[in-house]
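Below is one structure, written out as C-alpha cells, with a few remarks after it.
The values are calculated or read from the model by the stated rules, or taken from the named source; none is laboratory data. What you see is a predicted model; the values in this text were computed from it and never measured. Note that each Cβ is placed from the backbone with ideal geometry, even for glycine, and that neighbours are counted across all protein chains shown. Heads up: the accessible areas ignore ligands, DNA and RNA and are worked out on the full protein's heavy atoms, side chains in. Shrake-Rupley method; radii C 1.70, N 1.55, O 1.52, S 1.80 Å.
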2 protein chains.
Amino acid sequence: MVKENEVAGRLEWRVNMPNGSSRILAPESRETCSRLQSLVMGIVLNIKAFLDKAWNLAVNEPKKVVHCLKVGLALSLVSVFYYMRPLYDGVGGNAMWAVMTVVVVFEYTVGSTLYKCVNRAIGTCLAGSLGIGVHWVASQAGDKFEPVILQVSVFLLAAAATFSRFIPTIKARFDYGAMIFILTFSLVSVSGYRVDKLVELAHERVSTIAIGASICIFITMILCPVWAGTELHHLISNNLEKLADSLEGYAAENFSVDGSKNVHEKDSSKRLQGYKCVLNSKAAEESMANFARWEPAHGKFNFRHPWKQYLKIGASMRSCAYCIETLHGSINSNTETPEFLKKPLNDVCMRLGTTSSKVLKEMSSMIKTMKKSTKLDILVDEMNSSVEGLQNALKIFPSYQHIPTPDPGTEEAPNGKEEPSLKPTALSLMEIVQMATLTSLLVEIASRIEGIVEEVKELATQAEFRDESSMKSKQTQTKINGNDGNEHEVTMKTLQKV
Amino acid sequence: MVKENEVAGRLEWRVNMPNGSSRILAPESRETCSRLQSLVMGIVLNIKAFLDKAWNLAVNEPKKVVHCLKVGLALSLVSVFYYMRPLYDGVGGNAMWAVMTVVVVFEYTVGSTLYKCVNRAIGTCLAGSLGIGVHWVASQAGDKFEPVILQVSVFLLAAAATFSRFIPTIKARFDYGAMIFILTFSLVSVSGYRVDKLVELAHERVSTIAIGASICIFITMILCPVWAGTELHHLISNNLEKLADSLEGYAAENFSVDGSKNVHEKDSSKRLQGYKCVLNSKAAEESMANFARWEPAHGKFNFRHPWKQYLKIGASMRSCAYCIETLHGSINSNTETPEFLKKPLNDVCMRLGTTSSKVLKEMSSMIKTMKKSTKLDILVDEMNSSVEGLQNALKIFPSYQHIPTPDPGTEEAPNGKEEPSLKPTALSLMEIVQMATLTSLLVEIASRIEGIVEEVKELATQAEFRDESSMKSKQTQTKINGNDGNEHEVTMKTLQKV
C-alpha cells in the first residue's frame, strides 16, 4: 500500500486508497511508518534468532527433543482417563491428579523422575495418614477446638517440614517430598473440615497419583531412557579427555618445534579452552550423582554403583584444572626467557606435558570402557620420570650464560672464524622467572594428576572394573562388529598408542 | 527388667517376670538383647546427631527459622478460607488452589517468590485462554474429531513448552511458567471434555491463585524480607573480604617475621581457606542474580540495579581465586629456597601481598557501603608499585651466591675475626624455582585483582555509587550513632587505615 516515489529529486510517500486514489503521506506519518517497519523488522529478527538457537539446540541434542515427545506422549496417555468413561468413573472423577502428577514428575533423566515419583508417593502417604489422624483427633475435641487444633497442626508441621528442607542431607534426597508433605497435609487436614469422606478421597488421590507416576516411569524407562548415571559417567570421562587435550594443546603451542604446532593450530583454541568445562561442572556433577542414586541397575552399572566416587574424581579434576587455568594465565606474561635456556628445557617440558596428557587420556578411556588398565601404571611412571627429568635438568642447569667477550690482549682474526672466548655471566632472576613458573606449574599439575589417578583407581576397585587381560581378544571383536562409534574410536586410539 | 549378675566369676542375664520370679536368659536371647540395645542406641545417636545439626543450622541462620514460621503463617492464613463460609462459597469451593499456590510459590527470597508468582500467573492465564480456545475449536469440529483435536493439541503444546524449558534464556526466566503452562493447558483442554462451565471454572481458579499469591507476596515482603539482591550484594562483598584474608594470611604465613605470624596463627587456617568459598559460589551467585531481577526497589537498590555486573565481579574473583589455590598448592612443594635469597625477597613479597589484600578489602568496603572510594586508586597504585618493586628486585638480584672459600695463600687468623674471601657461585635453577613461582604467582594475582577493580568500578558507575566527598562528615556521624555493627566496623577499619 505504501509507495516510495521520487518526484523531481524529492522523496515522497504515497498510500493507495481502496477506491483507487492515492494520498501523499505527511512527514509524521512517514516517520511512524518507518519506525513501525523497523520495530517489526526487529521483532522478526529477534524471533528468527531465537528459532535459530532453538533449532541448533535440537540438532545438537536430539535426546532433548525425544524427551519433549515423551512428555507429550505421557500426557496424551494420561488424558485417556478423561475420555474413557469406565476409567474416569473408576477414579471417581479425580483424574486431574494423574495429569498433575505427570506434568510435575516427568523429568529429563530416569533418576530425577524416580526421585520425584518416590518422593511424591512417600510425601503423599505420610502426610495423608498424618492428616487423617490429626483430623480425627480434632473431631474428638469438639466444635470449638477443632479449627484451633487443625490450624496449629498445619502451622507447626508446615514450619517443621520447611525447616527440614534447609538441612543438606534432607535437601539432597527429600526436598520435593517435604514440599509434597506440606501440600498434602494442608489440603487433607483443612479440607477435611468440609468433606467427610476423607479416607475414600485419600484412596482415590493415591491411586490417581500411582497411575500418573507409573505412566511416567514406564515411558521414561522404556523409550530412549536418559540415565543420570550414564550421563555422569560420560561427563567425567569426557572432562578427563578435555583436560588432556587442554594440556596437550598447551604443550604443543609452547614447547614444540614448529612442525607439530601447525598440525594442532586449527582446533587448538577450542582444545585449549577445554579445561573451562571442568571448572564449571561441579553443580551438574552433584545433581547427576544425586539422581543416579535412585536409578536401578542399567547397562554396565549396578544399583549400588559408587556414584559418590565420581564426585571425588570431579573434585580432583577441578583442582588440576585450577592449575591449568593459572598456567594459561601465565602465557600472557610479558617477560621473556632467554633462548639458550628455553631450548633444552622445552624438550623436557614438552615430554612432561605429553606424558601427563597421556595419563589423563588413559584414565578417560579406562572409565569409558570400564576396564582396568595395566598401562596406566606404566604411563604414571613415565610421567614421574619426566618430572624427575625436568627437575634434574633444572638442577644441572646453571643460572649463567656464556657471553662472548673480546679478549683485550689479542687482535681480532681477519676471517672472523676464530671463536671469541666465552665468559659466564649470571642471569638476573627476572629472566628465569617465567620458565621457572611454567616448569613448577607443570610439576604441580603432574602431582595433581596423581591425585586423580588415586581416585580413578579407587573407582575401579569399588565398581569392580574388569581386568584388561580379556581386552585384546575383545578389541579385535569390537573392531569388526564396531557399530558403536565411541567405543570404536577408543579402541583405535588404544591400538595407536600401543 | 534385664539384669546383669556376676555369679562366681560367670556373667549371666536375668529377666524379672511380672509374678516376681526371675529367669536366666539363654545366650541367644542375650545376643538378641544386646543387638537390639546397640541398634536402639545407634538410632538414638543418629537422631541426636541430626537434631544437633538442625539446631546448629537454626542458631547460625535465624533467618531460615523465620522463613519457616512465615510459611506456617501463610498456610494458616490461607486456610481461613476453608473455615469462613462466605469466603469459601465466594471462590466456589476451589480454595484448594489457594493452598496449593501458597505451598508451591512461597520461597526463601522475595525475588524467587515473585518469580514464581508472576510465572504462575502468566502461565495459568496464557494456558487457560489457549485451552478454552482450543476447546471451542474442537467443539465446533463435531464429536468425532473433538478428542483427536484435543489430544493432538495437548501433545504438540506440551512437547513445545517442554522444549522451551531447555533454551537457556527461557530456562532462566520462565522455567516454572512453562511447567504451569503445560499443567493448566492439559487440565483445561482435557477436563473441558466433561465440564461445560469452563470459563467460570477458569475465573475461580485464577482468583484463588491470585489470593494465594498475594498472601505469599504480602508475607514475604513485609515480615523480615530476605531480598535475593541484598544477599547477592553481601555475598560478593564478603567474598572479596575472604579473598583478601586468604591472601593476607598466606603472606603473613610465608613472608613475615615471626612476630606477626603468631598474631594470625589461631584463626589462620580458617582465613587461609576463605578463597574456597569463592571457588564454589558460582551457582549461588547466578541464581541470586536471576531472582534479584524480579525484585522491586528495596533498601539501597533500585529496580534496575545492575545485578549482572555482580556476576562479572564474581567471575573475575574466581579467576583470582584459581591463582590463590595454585599458590596454596605450591607451598607444599618440597624444594627449598636458599636463605640468602629468601630474606630480601620476602620483604617485597610481603609488601605485594599486603597491598593486594588492601585493594581487595577496599573494594569490599566500597561495595558494602555503596560509596565511591578515592582511596582505591591510591591503593591500586601502591599495589602496582609493589609489583614493580618485586620485578626490580628480581632484575637486580643476581642468581649467584657468595660462598666463603679459604684462600690457599694466606694463613687463617687465630682470632677468626678476619673475614674469609667470598667467591660467587652460580645457583642451579632448581634452587630458585620455588621462589620464582611464588613471586610470579603473586604478580599474576595482582594483575587479576586489577581485573576485579575494573569490574567493581564499572559497578560503581552503573549503580551510581555515591561520591566519597560527603563521607568524612558521615563517618563521624556513624561513629557516634553507629548502631549498625557492620557499618561501624567498616568505618573503624577505614579510620585505622588512614
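List the pairs from A:LYS48/A:LYS276; A:LYS242/A:LYS270; A:LYS276/A:LYS371; A:LYS242/A:LYS361; A:LYS358/A:LYS457 whose alpha-carbon separation is above 18 Å, in the order I gave them.
A:LYS48/A:LYS276; A:LYS276/A:LYS371
Given a cut-off of 21 Å, name the pairs among A:LYS116/B:LYS70; A:LYS53/A:LYS116; A:LYS64/B:LYS282; A:LYS312/B:LYS171; A:LYS171/B:LYS64 whose C-alpha atoms lie farther apart than that in the structure shown.
On the way: A:LYS116/B:LYS70 25 Å; A:LYS53/A:LYS116 30 Å; A:LYS64/B:LYS282 25 Å; A:LYS312/B:LYS171 29 Å; A:LYS171/B:LYS64 14 Å.
Going by Cα-Cα distance, A:LYS116/B:LYS70; A:LYS53/A:LYS116; A:LYS64/B:LYS282; A:LYS312/B:LYS171 fall outside the 21 Å limit.
What does the charge count around B:GLU107 come to, taking other residues whose C-beta lies under 11 Å from its C-beta (Lys +1, Arg +1, Asp -1, Glu -1)?
On the way: positive: A:ARG165, B:LYS70, B:LYS116; negative: none.
For residues surrounding B:GLU107, the net value is +3.
Between A:SER207 and A:CYS224, what is the label-to-label distance in nm when each label sits 7 Å out along the Cα-to-Cβ direction?
In this crude label model, A:SER207 to A:CYS224 measures out at 3.5 nm.
Report the A-B buried area as the accessible area lost on both sides summed, probe 1.4 Å, in Å² to the nearest 100. Don't jump to the answer; show the numbers that get you there.
Numbers: alone 29070 and 29070 Å², together 50550 Å².
Buried surface at the A/B interface: approximately 7600 Å².
Need one value for A:102-109: mean number of C-beta atoms belonging to other chains within 10 Å of its residues' C-beta atoms.
Partner-chain Cβ atoms within 10 Å, mean over residues of A:102-109: 3.
How large is ³J(HN,Hα) for each residue in the range A:46-57, as worked out from phi by the Karplus curve 6.51 cos²θ - 1.76 cosθ + 1.60 (θ = phi - 60°), to whole Hz, x for Gly and Pro?
Running phi through 6.51 cos²θ - 1.76 cosθ + 1.60 with θ = phi - 60° gives 4, 5, 4, 4, 4, 5, 4, 4, 4, 4, 4, 4 Hz.
Can you run phi through the Karplus equation (6.51, -1.76, 1.60; θ = phi - 60°) for the range A:238-243 and list ³J(HN,Hα) in whole Hz, with x for Gly and Pro?
5, 5, 4, 4, 5, 4
From the phi angles alone, apply the Karplus equation (6.51, -1.76, 1.60; θ = phi - 60°) to the range A:67-74 and give each ³J(HN,Hα) in whole Hz, x where the residue is Gly or Pro.
Karplus-based 3J(HN,Hα) across the range A:67-74 equals 4, 4, 5, 5, 4, x, 5, 4 Hz.
Given a Förster radius of 25 Å and the C-beta distance between A:ASP377 and B:LYS342 as r, what FRET efficiency does 1/(1 + (r/R0)^6) yield to the nearest 0.05? Mind showing how you got there, number by number?
Values: r = 38 Å, r/R0 = 1.51.
Step by step, r from the Cβ atoms, then E = 0.10.
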